[in-house]
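Data first, discussion second: the structure below is written as structure tokens.
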Amino acid sequence: MNGNGRSGAGRLAAWAERHPVPCFFLLAFFMNLLIESLARLSPLGGIAYLLERPLPFLLNTLVLFAVFSASLLFRRRLFVLVVTAAGWLVLGIANAVVTALRASPLSGIDFAILRSCLPIVKVYLRPGHLLLILAFLGAVGWAAAGLFHRSRIYAVKLRREGVLFLSAAAVSVGAVLLSVSAGAVETSFTDLPGAYRDYGFVTCFSLTVLERGIDEPEDYSAPVLRALAASLADEEEAEGAEDPVRPNVVAVQLESFMDPERIAGAVYRESPTPYFNALKEAYPSGFMRVNTLGAGTANTEFEVLTGIDLTFFGAGEYPYQTVLEDGDAVCESLASSWKAEGYAAHAVHNHSGSFYDRYRVYGALGFDRFVPLEYMNGTEENPLGWAKDAVLTDEIRGCLDSTGSPDFVFAVSVQGHGLYPDVEETEDGLVEAAPEGWSGGERAQLSYYAGQMREMDEFLRALTAMLEERAAETGEETLLLLYGDHLPPLPLDGDSFADGSGVLDSEYVLVPVGERIGARLAETGDRDLEAWQTGMALLELTDTEGGLIGRCHRRLGDTPGFRDALRLLAYDLLYGERYAWDGKEPFERMPLTMGLDPVRIDGVFPGGGMLTVRGENFTAHSVVTVNGRAVKTLFVSPAELTAEIAVSPGDRIAVVQRTEDLVLLGECEPVVVPDHRDADK
């Protein structure tokens, strides 16, 4: 203690109270340093980022500086400051965990899909990890509560504190806007992990929270949109095919699928994907550029189905969650385009129907039917608990057999999903050598991944064999599109590929089943496509004009004004007044038919405190309800369920299909428990 009775810490605190702005900046600087170190999973990562990219580092610091300065406006200034700083630290830690698990950083949309992700948390985190997370969050909450009660209360003088905050905010916002206008920082990211590395977590995460939807184009107006629609309609009749090819269309989006032999330095005992490679040699194929690595399945799905470029939207946005889950939303898609030509449109996914809210979204895209995991029997699971893709073969055939019209079947697989185990369980895997510099755990992940690719490759063989067999039986031709939604969550970067491709380059192949579609594909060579071009190529191959977005691709795809026209149509359809559609919806949103065959109760049999329900098409996700209340249910077979409950005459018994996160997908017609005397008869 010095002569005036005040310690060095006390003098520092007093100085900080008199000069809060420099303290906020220093706190922001060191907090940003820590967050970037966490993002790079390296204790010195933040320093390396500061030295490599000082301008983005400064901008991230200024954003934090402005946020921390807002605490000046509160009476419990220290409490608000500490809680705000702790919140950013928690986000930085969460980003480090998420990046390590799935190779894609934390974004604002992750909080929107949190509910549907809860059932798969067990794949990524062990119970001990969850306990540590809960304990950490509990400790933060306890500390915050204690700090609130002990925090000093300041008198807020808006003339002083308000000016200081507005000055800090003006400097920060001005620097960010100047950097954006000068092109030093991008606000629309095609590569989210790359953007986070280049521009920093604070800026990018903030953009994913704040940026939503498509910005209104400068030339958006009724005359412009109506003129564009008229120009597309005028050419429609002149280019219509006299004898159009109308095969069934089956598109299979394969989770994390690629040929593992693309990875430079990896050596395998034999090819993990020999059948897919043979298809690429025989039929049109190429790279398909996607917008994500390791995660983001729904965004590739959106681009393929709609033909709309995801870069029109906010950074890291998932249009499934931000636009299409709305009950009134509709969007032109492959499904709606083929339905206009008399097709039936089916979606199939061997995972939960609530994941990415597909049970709502597919209706907005014009599908008639959705077959999620909750309506499937005969599924097998891989070591991580994901359903194997082999089940999709019969489900796809069931969709094709369910109508007398041509069919569009869009199937989304899940077997290749991460997080891959970092301990090799067997020594007889396909991997002989991992790339140089990979750890033993990373080699184990590659070994597991290669094994899953082999099984998915066998699924593709069985699928094409089924389509060929069915063509021989029915005479129906099929155009089959196979592609990976994104590359796997492995330690991959721009130098990882022997073929010179990049981390956003998935692969696709078009397979004909039938003579007419085979002749059409023979005229098509190999080419690389953007994901948002791939589905539109299918429309062209089947002589389908599609709606206005499909015609825009077909008519204007090679012209300089194409992207501007596509953006105008996308904005008008999803956010505008639908001038191009005369203010009307492009199609009517109909309720989805869930499952291939309806769940039905044939009879209920109470007795001895048990209830037996017999019927048809039950699955392991069927739940018995009594008077609307769900009861614990045992799946015995597709024809029988049991529940340990006593019921009374007059009780209403139904069976619902329910997801693990308790979303109700469907309910069968209820039956009433008969009087015991009637039951005895």
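All of the numbers you see were taken from the coordinates with simple rules; none came from a lab. None of these values were measured; they are calculated from a predicted model. Positions of Cβ are backbone-derived with ideal geometry, glycine not excepted, and every protein chain shown enters the neighbour counts.
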Loop-resident sites, the stretch 591-664, for GluC sites (Glu not before Pro), counting at most 13 other Cβ within 10 Å (DSSP): 644
Mean Kyte-Doolittle of at least -0.5 plus a Cα span of 20 Å or more along the axis: flag which DSSP H helices in the chain meet both, please. 20-39, 54-69, 77-102, 127-150, 163-181
How many nm separate the modelled label positions at residue 662 and residue 216, each set 7 Å beyond the Cα in the direction of the Cβ? 4.1 nm
Averaging over all projection directions, find the projected area of the Cα convex hull of the chain and quote it in nm² with one decimal place. 39.1 nm²
How much length, in nm to one decimal, is gained on full extension between residue 630 and residue 605, taken as 0.36 nm per residue of separation minus their Cα-Cα distance? 7.3 nm
Report the equivalent ellipsoid semi-axes for the stretch 597-680 in whole Å, largest first, defined as the square roots of five times the eigenvalues of the gyration tensor built from alpha carbon atoms. 20, 13, 12
Mind ranking 216-229, 501-514 by how tightly packed they are, going by the mean number of other C-beta atoms within 10 angstrom, highest first? 501-514, 216-229
What's the tally of Lys pairs in the chain whose alpha-carbon atoms lie under 26 angstrom apart, where the two lysines are 8 or more places apart or on different chains? 4
Once label points are set 7 Å from the Cα along Cα→Cβ at both residue 153 and residue 377, what is their separation, rounded to one decimal in nm? 6.8 nm
Within the stretch 236-344, list the GluC sites (Glu not before Pro) lying in a DSSP loop whose Cβ has at most 15 other Cβ atoms in a 10 Å radius. 236, 242, 270
Taking 45 Å as R0, compute the FRET efficiency from the Cβ-Cβ separation of residue 267 and residue 136 and round it to 0.05. 0.60
What is the antiparallel percent of DSSP beta bridges lying wholly in the chain, to the nearest 5? 60 percent
Restricting to DSSP loop positions (anything but H, G, I, E, B) with no more than 14 other Cβ atoms inside 10 Å of their own Cβ, which trypsin sites (Lys or Arg not before Pro) remain in the stretch 552-649? 584, 632
